[in-house]
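Since the structure comes first, as structure tokens, the remarks are kept for the end.
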Amino acid sequence: MIVPELNDLRVLLLANEYPPVVDSILKKALSNKNPIPADSLKKHGTLKVDVDSLSPLLTSKILSLVKEWVAGKVSSKMKGNFSESEVFFLGLPEVGKNVKELCTAVIEQFKPDCIALTLSPMQNFIQNIYHSFSVYNFLGIPTNFNTVYKDGNESAIYNTYYPGGIWETAIIKAWTDDIPLVPVGKPERRLEVGEIRSPGYLEDRRRLRSISKEIIGELKEIEESSFNLEEIDSFLFEMSGKYTKSYYADQETVRELMDKAIYCISRLYELLCRQPFDRVLVIGEMSYIYEARKFFQSLIDAGIRYDSELYLKPSKETGIYGLRFLPDTISASYGIYTEYGISDTLAQELFRKELRKWGRRLRKNEITSQTADKLMMDIVEKTRNHPLLLRGASVRGSIAFKELYNSFVLLNGFNSRASIEKAANITLPCRVMRKPGVEESEEEIIEGIVKKVLYGLEGKKKKEEYRGGFEGKKVPLSKEDVRRALEYLKKHALDNKNDEGAIDERSLLSTADLDDELIKELLDRYGQVSRTRNEGLQKLLDDMASRGYISNMTPNSMRFTSKGISELRKNIENLRRQGLIGEEEFKKALEEIEKLEKRSIDGKPEFDGEKLSEIVADFMDIQHKFKNEDSTLEDAYVHYVMKENRGEDVESDRLKYRNLQVLIYRLQDRGLVRIKDRGKINFSLTGKSLEWLLDELIKKSHASGLIKDAFKQDRAAANVVDIRPYMKGDTFGDISVIHTIRNLIKKQKAIDEIELRDIISYVKLPTRAEDIVLCLDVSASMRKQAKLRFAKIAVTALARAAVEKNYRVGLVAFSNEAEEVYPISRSFTGITDAVVKLRADQYTNVGRGIECALKMLIREKVPWEKHIVLITDGQPNAAPGIGNRVSSSAEMKREEIGYRFALQMARKAAQRNIKVSILLITDPDNRGIDFARKIALIGKGRFYRVSSAEKIPISALRMMA
């Protein structure tokens with residue numbers, strides 16, 4: 001029985017698709033008592049929040065007290081004996097294995113009347129509420145938020161909240177058990193404009209995170225059966241000592257953590273005086289919660305006064321406007337979250353229960369015959385367009401599907417999705433064919449299609465944050481409308497004190513004056529095709545970008561383009577000509593426009609294939625200069641400046657830092673680079689960039705036939721599995737004469753009327769397979785003349801040629817030593833993603849490369865042929881057992897040993913019937929040719945020599961053709 005699972009919906013959300021059904025299931029999981037609207041995070045924008053947003057989880061008295069704290073007021077009602085309350089302090093890392101279980105066990109055993117969380121009300125607490133009751137949390141996905149301030153700015157570093165973390169567990173458990181919550185944490189100090197965290201602060205954070213990991217490791221060892229209050233308290237108190245020891249010598253960190261502890265107990269004191277509880281559970285970070293417990297005991301023993309050192313007044317949080325959900329960062333956070341190995345949370349269990357109920361009910365419900373026909377047609381159509389299927393269900397297959405379904409209907413007496421599911425799983429898997437290299441079985445692919453169609457799990461693309469394109473119905477704009485809009489944006493850009501000349505989209509959308517006379521009437525018209533005038537402003541920005549007047553410098557920051565600057569000049573000149581402004585106003589306006597022009601960008605660069613390949617090649621060469629996987633924007637900028645200093649021609653857009661930033665984001669849109677923007681832009685190339693370079697090279701060299709011919713088998717080794725119309729590249733042996741004649745008779749065509757599309761060819765798949773290990777030299781010499789870049793393209797070409805023939809491919813990289821970079825498989829994407837990360841360093845040990853590849857092939861107990869393909873630029877200059885820094889005599893000895901070791905490994909391969917072929921990239925002295933010939937001769941493989949780096953990919957394909 002196929003029913004939707006959490007992971008089906010999770011995958012859609014991570015792919016930025018939002019299945020409509022999740023909101024209704026979430027409401028049922030929460031018994032229609034959701035503290036926040038179910039689809040709050042569906043709208044990617046700034047969410048305005050206030051203290052009243054917390055009311056569903058706080059009592060009226062607690063809410064009144066929290067409002068005083070947010071306003072920075074000291075409560076005047078301090079009566080009652082707070083020392084009579086029993087208080088239990090629980091300190092844990094924010095997320096980790098067994099954190100959820102420990103937190104739940106303490107709540108269930110202690111049975112508190114109130115839970116105090118060491119979170120600030122308007123920052124962390126409200127963000128945790130939105131996280132905990134969001135669809136993302138109930139599906140096991142972390143969320144990220146920025147704090148938005150009333151002046152339009154945001155926090156510099158976003159906060160990440162994890163399912164199964166200490167805060168989420170406490171909030172969901174309190175909600176299910178009707179326990180009131182209260183936030184007693186100290187607000188984070190907002191950084192001033194231009195201020196950055198000190199290196200010492202960041203070092204403290206790294207150290208504390210490191211200790212958290214150690215403690216999480218200790219928590220993993222605890223058995224759930226041993227969870228009891230005394231043991232938990234004793235164990236965690238002991239663990240907290242690790243924090244104390246780590247920061248004991250750092251007075252700044254000590255002061256910060258002590259302030260947090262004192263602030264916490266100050267709010268706890270005010271809470272218990274205002275509304276005494278019998279049992280209060282205080283949950284907080286392990287780094288200071290047990291210090292807070294010591295202070296709390298001191299208060300009970302000595303009493304408290306407002307002028308006491310153990311009392312801190314509330315800190316104001318009135319400058320906070322709301323929060324912004326950051327969907328673009330979810331995938332990275334989810335990757336980190338999976339490493340914790342957290343089991344299903346209470347929220348996920350609630351959602352799963354309702355999801356299965358919904359799925360079973362939908363599966364058994366009666367449907368009309370028209371609905372059944374549509375669902376079956378959708379399933380058949382999806383098999384024909386599925387990216388993993390070479391051939392979908394044919395007409396005969398769909399007929400068999402329909403006939404079997406009708407049989408089930410006769411048996412059951414009504415139409416249902418269950419009958420469609422059974423019929424599809426029986427008839428369709430044997431009627432489709434996977435593409436070469438696909439690891440999923442036909443049954444799994446059909447099951448996935450059926451699940452998506454029957455339960456509507458297609459998902460709808462959520463509205464993305466602005467990237468420069470305009471979607472939806474357009475509003476016709478006159479020249480006057482454009483003038484007004486540009487004047488309004490100019491005013492906002494000049495008022496931006498943090499980055500003059502930039503249009504900060506987030507700030508504009510959250511703080512814009514929508515009644516400004518310049519755009520009031522225009523926004524009303526945009527509002528007619530939007531739900532609100534604020535959305536109308538978003539559409540106006542989109543429209544201005546689509547017309548080329550503004551463009552993104554970064555995802556949330558736009559600037560005027562040269563076209564926009566030109567339009568502003570025309571507008572101001574027209575106003576002067578019409579006598580609407582005087583000379584002084586004209587000069588002032590020109591000065592403002594010149595300011596914007598200095599900070600403008602030249603719009604969105606559009607690239608043809610050749611220009612884009614040149615940029616990608618440059619970025620790959622930049623990455624090869626360094627050992628790090630990522631390069632910085634500064635690396636790219638310096639690279640182009642140095643090229644210009646050497647007298648080389650460099651495009652002007654690559655010599656402007658901001659334009660280079662835009663260019664990198666454009667490459668990310670095409671999937672060619674991956675950006676990590678953490679205040680400093682780091683980027684790395686993806687496997688798709690190698691595919692792009694290969695496709696452009698093949699197109700330029702007219703070498704498309706070489707991919708088909710590489711590793712090609714003879715006709716006798718091919719198996720006919722189907723027929724299809726003639727395609728360019730088919731040989732005479734591929735043509736079916738009988739089927740062609742039948743087709744001509746059917747079309748009643750004479751011989752002189754025959755066209756290529758009338759000819760019918762066979763679809764052939766190989767009857768034998770082959771395992772190939774591509775062995776790439778990554779010694780330091782490969783960095784010269786871009787040899788490593790072209791060698792990577794060659795590996796990509798050979799991998800594609802092999803996988804398209806259903807062969808398996810693995811990857812080895814060697815220098816001093818060899819490494820298995822990617823295991824033998826039919827995953828072309830896996831190979832490209834692995835090879836693009838390789839960097840060159842050290843010496844050349846060919847023998848180690850062959851040895852590593854040989855071990856990989858020997859491990860595979862398969863009956864078919866095996867082949868090692870080497871790509872290197874010289875003979876060995878490293879050998880096993882000899883270091884790199886040696887005398888000249890030892891240098892000769894090392895090369896001799898390396899030479900003999902490589903030949904020995906080639907003999908071992910030949911003895912096991914494993915071929916060894918070698919592509920040699922020669923230098924002007926032609927060194928290494930004799931060595932390479934011997935390797936190919938001993939290994940019973942092929943030898944090919946190439947003299948220039950640009951010819952490496954095509955030569956590799958010719959060698960194996």
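Taking the conditions exactly as written (more than 23 Å from Ala710 (Cβ to Cβ) and surrounded by 20 or more Cβ atoms within 10 Å (Cβ to Cβ)), does Ala840 satisfy them or not? Yes. The requirement of being closer than 13 Å to Gln875 by Cα, in a helix (DSSP H, G or I), open to solvent by 10 Å² or more (accessible area, probe 1.4 Å) and at pLDDT 90 or above is satisfied by Arg933.
Checked against the criterion of being crowded, with 21+ Cβ neighbours inside 10 Å and in a helix (DSSP H, G or I), segment 179-189 contains not a single residue that satisfies it.
Pairs are defined by a Cβ separation below 7 Å, a sequence spacing of at least 6 or placement on different chains, a first member in segment 343-358 that is surrounded by 14 or more Cβ atoms within 10 Å (Cβ to Cβ), and a second member that is among the basic types (Lys, Arg); the pairs so defined are Thr345/Lys100; Leu346/Lys173; Glu354/Lys28.
Residue-level check: of (1) surrounded by fewer than 14 Cβ atoms within 10 Å (Cβ to Cβ); (2) farther than 21 Å from Ala424 by Cα; (3) small (Gly, Ala, Ser), Ser369 misses just (2).
Among the residues making up segment 433-457, those that are over 19 Å from Asn365 (Cβ atoms) and open to solvent by less than 10 Å² (accessible area, probe 1.4 Å) are Ile445, Ile446, Ile449.
Grab the strands (runs of 3 or more DSSP E) fully contained in segment 621-734, keeping just those with 2 or more residues being open to solvent by less than 20 Å² (accessible area, probe 1.4 Å) and either at pLDDT 80 or above or more than 30 Å from Gln842 (Cα to Cα) (or both). In segment 621-734, 681-685 are the strands (runs of 3 or more DSSP E) which contain 2 or more residues that are open to solvent by less than 20 Å² (accessible area, probe 1.4 Å) and either at pLDDT 80 or above or more than 30 Å from Gln842 (Cα to Cα) (or both).
Only one of Glu403, Glu381 is open to solvent by 80 Å² or more (accessible area, probe 1.4 Å), closer than 16 Å to Gly448 by Cβ and not in a loop (DSSP other than H, G, I, E, B). Can you tell me which? Let's see the steps before the verdict.
Values: Glu403 fails: closer than 16 Å to Gly448 by Cβ.
Going through Glu403, Glu381 in turn, just one is open to solvent by 80 Å² or more (accessible area, probe 1.4 Å), closer than 16 Å to Gly448 by Cβ and not in a loop (DSSP other than H, G, I, E, B): Glu381.
The listed residues are Lys805, Lys861, and the only one of them that is closer than 24 Å to Ala710 by Cα and open to solvent by 20 Å² or more (accessible area, probe 1.4 Å) turns out to be Lys805.
For residues that are assigned to a helix (DSSP H, G or I) and among the aromatic types (Phe, Trp, Tyr), scanning just segment 308-342, find the one that is least open to solvent (accessible area, probe 1.4 Å). Don't jump to the end; show me each part of the working.
First, pick out the residues of segment 308-342 that are assigned to a helix (DSSP H, G or I): 327-338.
Okay, now just the ones that are also among the aromatic types (Phe, Trp, Tyr), so 334, 337.
Details: Tyr334: 49, Tyr337: 18 Å².
Ranking the qualifying residues of segment 308-342, first place goes to Tyr337.
Tell me, which strands (runs of 3 or more DSSP E) lie completely within segment 95-171 with 2 or more residues that are assigned by the TED database to the domain that holds Glu231 and surrounded by 24 or more Cβ atoms within 10 Å (Cβ to Cβ)? The strands (runs of 3 or more DSSP E) meeting that bar are 114-117, 143-149.
Regarding Glu851, is this residue open to solvent by 30 Å² or more (accessible area, probe 1.4 Å), at pLDDT below 90 and farther than 25 Å from Leu694 by Cβ? Show your work before the answer.
Values: open to solvent by 30 Å² or more (accessible area, probe 1.4 Å): yes; at pLDDT below 90: no; farther than 25 Å from Leu694 by Cβ: yes.
No; evaluated as a whole, the condition is false for this residue.
Residue check: is Ser266 surrounded by 14 or more Cβ atoms within 10 Å (Cβ to Cβ) and at pLDDT below 80? Here the answer is no, as Ser266 does not meet what is asked. Has segment 743-752 got at least one residue that is polar (S, T, N, Q) and open to solvent by 20 Å² or more (accessible area, probe 1.4 Å)? Scanning segment 743-752 turns up at least one residue that is polar (S, T, N, Q) and open to solvent by 20 Å² or more (accessible area, probe 1.4 Å).
The values are calculated or read from the model by the stated rules, or taken from the named source; none is laboratory data. A quick note: this is a predicted structure, and the numbers were derived from the prediction, not measured. Neighbour counts run over all protein chains shown; Cβ positions are idealised from the backbone, glycine included. Keep in mind that these areas ignore ligands, DNA and RNA; they rest on the heavy atoms of the full protein, side chains included. Shrake-Rupley method; radii C 1.70, N 1.55, O 1.52, S 1.80 Å.
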